[in-house]
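> One structure follows; several queries about it will come next.
Quick note: the coordinates plus some simple rules give every number you see, no bench work behind them. Because the structure is predicted, anything quoted here is derived from the model rather than measured. Backbone-built Cβ (ideal geometry, glycine too); neighbour counts: all protein chains shown.
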Amino acid sequence: MPEAGGDPPIIITGGSVTVQFDVSQLVAGGIRKFSNDQKVIKRVQITGAGIQNYDQNTTGNNVTITITYGNP
């Protein structure tokens, strides 16, 4: 959920590999890329079956989340 007065989150879910984000906040910046130079990642939360749940505030502007996916 967004912080009070904050931007809506980007949500990536598995199963059908869905990426959800507010298109008014991120603009197309080339092939397969969307960005906004005025925004930074503030918090990362990862939950799911079979993984260690993770929920942390960030301490810098160099966050990368890589998700590998494929056929079941």
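> Report yes if Gly15 is surrounded by fewer than 11 Cβ atoms within 10 Å (Cβ to Cβ) and either more than 13 Å from the chain's Cα centre (by Cα) or at positive phi (or both), otherwise no. Give the steps one after another, and end with the answer.
Details: surrounded by fewer than 11 Cβ atoms within 10 Å (Cβ to Cβ): yes; either more than 13 Å from the chain's Cα centre (by Cα) or at positive phi (or both): yes.
Taking the combined requirement at face value, the residue satisfies it.
> Restricted to region 22-61, and to residues that are in a loop (DSSP other than H, G, I, E, B) and closer than 25 Å to Pro72 by Cα, which residue is nearest to the chain's Cα centre (by Cα)? Walk me through it before giving the result.
To start, the set of residues in region 22-61 that are in a loop (DSSP other than H, G, I, E, B) comprises 22-26, 29-33, 36-42, 47-53, 58-61.
Still in the running and closer than 25 Å to Pro72 by Cα: 32, 47-53.
On the way: Arg32: 15, Thr47: 13, Gly48: 15, Ala49: 18, Gly50: 20, Ile51: 17, Gln52: 18, Asn53: 15 Å.
Result: Thr47.
> Which one of these is among the small types (Gly, Ala, Ser) and touching a strand residue (DSSP E or B) at 6+ places or on another chain (Cβ under 8 Å): Gly60, Gly29, Gly50?
Values: Gly60 fails: touching a strand residue (DSSP E or B) at 6+ places or on another chain (Cβ under 8 Å); Gly50 fails: touching a strand residue (DSSP E or B) at 6+ places or on another chain (Cβ under 8 Å).
Going through Gly60, Gly29, Gly50 in turn, just one is among the small types (Gly, Ala, Ser) and touching a strand residue (DSSP E or B) at 6+ places or on another chain (Cβ under 8 Å): Gly29.
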